[in-house]
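In what follows, a single structure is set out as structure tokens and then discussed.
The values are calculated or read from the model by the stated rules, or taken from the named source; none is laboratory data. The structure presented is a predicted model; accordingly, all values stated were derived computationally and were not measured. Methodologically, a virtual Cβ is constructed for each residue, glycine included, from the backbone with ideal geometry; neighbour enumeration extends over all protein chains shown.
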Amino acid sequence: MVKRVLVTGGAHRLGRLICQQFAHDGWQVWCHAQNSMAAAEALCQQIALQGGQAQAVQADLALDDDRQRMMAQIAAQGGPLDCLVNNASSFEPDGARDFDEHAMRMQLEVNLIAPLALSRLMAQSLPANADSGSRSIIHVLDQKVLNLNPDYFSYTVSKLALERSVALQAQALAPQIRVCGVAPGLMFLSGPQTQANFDRSSQMNLLKHAIDPAQVAATCLFLANNPALTGVTLAVDNGQHLVPLSRDVMFVVDGASKESHA
């Protein structure tokens, strides 16, 4: 029987790689997008040309009605999910002294409430006799949850709460569903970052080289396929979480660059 996976934020960047990894492994992929449906549909067409199965699905994850509609559409067309990869994130700069409450609520809605709500809907869709450990939920987090600094305050708070939810959900949804987290390091240009800044920042980890996003995607697939893993978060970051910094890495690099030219 073909296994089914929903990848939120699947049209671009890491989400795109996750969709491709699962499709290559023989999964039927649901690629979620909000404003990038053209890119999601193009990705699904590419997967189909390579012999895989993929379908794009649209939803605004900040809206509960959209979340419920999306999950109902998937269930009606393919049956219950075997895996949910909560990859979509809202990443906006703010701080503890100056955050906007509306903007914080939006980040919490997308980064925390949506993954938990989709997880709930997945659990509710399963038959009472669902196989033990055959289904999984994977939350894409950030190495920042293991290596705190106060930059991107609302984003970090939302990811911290989601990381703590991994163990709680693993306990609550067992034995039918396993729950794991993946905490990547810096993989792509982010926010106001320049390419030069990224090139330097991406090597600020124990292994001194940039993280391959494909390895993060492969870890998601590994967790989905390993029936013995639940309640754990894997840091896929070349050891970035073991290099404590007082600020986000892009700001540290900028500061060091300015000092070297002073």
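A few points about this structure:
- Here S89 qualifies as assigned to a loop (DSSP other than H, G, I, E, B), under 21 Å from W30 (Cα atoms) and modelled with pLDDT of 95 or more.
- Residues satisfying the stated conditions in the stretch 93-119, i.e. out of contact with any Leu (no Cβ under 6 Å at 6 or more places or on another chain) and among the small types (G, A, S): G95, A96, A103, A117, S119
- Of all residues in the stretch 125-140, none are among the small types (G, A, S), modelled with pLDDT of 95 or more and more than 22 Å from A183 (Cβ to Cβ).
- Remark: A130 falls outside the filter, which requires a residue to be in contact with a Lys or Arg (Cβ under 7 Å, 6 or more places away or on another chain) and either within 28 Å of L242 (Cα to Cα) or free of Cβ contacts under 8 Å to residues at least 60 places away in the same chain (or both).
- Residues that are surrounded by 18 or more Cβ atoms within 10 Å (Cβ to Cβ) and in contact (Cβ under 8 Å) with a residue 12 or more places away in the chain, drawn from the stretch 105-120: Q107, L108, E109, V110, N111, L112, A114, P115, L118, S119
- Residue ID - nearest to D82 (Cα to Cα), chosen from residues in the stretch 25-70 that are polar (S, T, N, Q) and touching a helix residue (DSSP H, G or I) at 6+ places or on another chain (Cβ under 9 Å): Q28
- Exactly one residue among G185, G181 is out of contact with any Leu (no Cβ under 9 Å at 6 or more places or on another chain) and either modelled with pLDDT under 95 or more than 21 Å from G95 (Cβ to Cβ) (or both), and that residue is G185.
- Restricting the stretch 43-86 to residues that are of a type in the set (V, I, T) and part of a helix (DSSP H, G or I), the residue that is surrounded by the fewest Cβ atoms within 10 Å (Cβ to Cβ) is I47.
- The combined condition, being touching a Ser or Thr at 6+ places or on another chain (Cβ under 9 Å), assigned to a loop (DSSP other than H, G, I, E, B) and under 17 Å from N111 (Cβ atoms), is fulfilled by G9.
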